[in-house]
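Note sheet for the following structure.
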Amino acid sequence: MPAGVLAEFNRSVAADRLVELLGAAGHSASVHRYTAGTRHRYEIFRVFCAAASGTAGFLDRAWQQGYADLCGTPELPRSARQIRHARQLAESAWRGVLMVSGPSRSGSPGLRVPDLETATVLIRAGRMMSLPVRMSTRPGGQLLLVMPQEVAA
């Protein structure tokens, strides 16, 4: 990705949400839209920030902290505040992935995730919310399936 690009999205809603969240955290960012492809045209929404703003490091630290909160095993019992915070992270993880993924062509509840760490976060987040999620490894990444309640029981 070019310098200053934090993320690319295929939907403007997701890019706008990231810019909004970064603004609330005190980091400036903007969305730039461009059209790509030759025969089949599609739009890409890039979130830009100043290279020296420290936003990329901020996002890296936020990812690591969120990953530890959702996937780490606590050495001490968690307080009610920590449990509430972890549940909010779980809901945000699923909201974010559903916002970015958009509707599928087949209408199935499957979601392809390219890396194992993100899939692990979503599996743990699903368990935290009592969402019956199953994962299987496929070419190109992990396939997450949200199971119907009657099958999961």
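The values are calculated or read from the model by the stated rules, or taken from the named source; none is laboratory data. Computed from a predicted model, the values in this text were never measured in an experiment. When the accessible area is computed, the model is the full protein with side chains, heavy atoms only, and any ligands, DNA or RNA have been set aside. Shrake-Rupley method; radii C 1.70, N 1.55, O 1.52, S 1.80 Å.
By accessible area, using a 1.4 Å probe on protein heavy atoms only, the range 31-70 has 54% of its surface on carbon and sulfur.
The three principal axes of the C-alpha atoms in the range 1-90 carry coordinate ranges of 55, 31, 20 Å, sorted with the longest axis first. Taking amide H as placed 1.01 Å from N in the peptide plane, the amide H of GLY4 sits under 5 Å from none that are at least 5 places away or on another chain.
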